[in-house]
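Each remark here refers to the structure printed beneath this line.
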Amino acid sequence: MTELLLTEIDHVAIAVNDLEAAIAWYQEAFGATVDHRERVESDGVEEALLKVADSYVQLLTPTRDDSPVAKYLANKGEGLHHIGYRVANCAEALESIKAMGGRVIDEAPRPGSRGTTVAFVHPKTSFGTLIELVQE
Ligand code: CO
């Protein structure tokens, strides 16, 4: 049996068309404030992280038309985009999936936002949910 590799829900990512409007809504509805904000040029996204206990709500919007999040919004509209699971070792968790014959988007861990190390697992492997493995 595989030992538990997930240590926390790191973030729940929601794709939105208007980042400012989404931030304002979370603020007004729930009193949630932005803890971290970052443009990740390599992914073509701008994100705002709102802290909830030890996890984040990650509001995501595309910064260019060919970004994967832009394609997601065009095809599916706004909504839940991916779940970020915190792991102690991103490479180890990725290898566990590959060893099962699972499909991954990132063959090796790479830099994520907030100085994290991340890798994405293809939703076809993980029951329709895009999974991001996040190592702090
Ligand atoms: Co993410």
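The values are calculated or read from the model by the stated rules, or taken from the named source; none is laboratory data. All figures in this text were calculated on a predicted structure; none of them were measured in a lab. FYI the Cβ positions are ideal-geometry reconstructions off the backbone, even for glycines, and counts take in every protein chain you see.
Miscellaneous remarks
- Test: residue in the range 108-116 that is touching a strand residue (DSSP E or B) at 6+ places or on another chain (Cβ under 7 Å), of a type in the set (D, E, K, R), within 14 Å of the ligand (Cβ to nearest atom) and at pLDDT 95 or above: yes
- Output for the range 18-31, where each listed residue is touching a residue at least 40 places away in the same chain (Cβ under 8 Å) and exposed (fewer than 14 other Cβ atoms within 10 Å of the Cβ): D18
- Qualifying residue in the range 94-108 (condition: more than 17 Å from N17 (Cα to Cα), buried (at least 18 other Cβ atoms within 10 Å of the Cβ) and out of contact with any His (no Cβ under 8 Å at 6 or more places or on another chain)): yes
- Meets criteria (surrounded by 18 or more Cβ atoms within 10 Å (Cβ to Cβ), in contact with a His (Cβ under 8 Å, 6 or more places away or on another chain) and under 18 Å from F120 (Cβ atoms)) for A15: yes
- Residues within the range 71-85 that are away from the ligand (no atom under 11 Å from the Cβ) and surrounded by 18 or more Cβ atoms within 10 Å (Cβ to Cβ), tallied: 2
- Qualifying residue in the range 24-35 (condition: within 16 Å of the ligand (Cβ to nearest atom), at pLDDT 95 or above and closer than 19 Å to Y72 by Cβ): no
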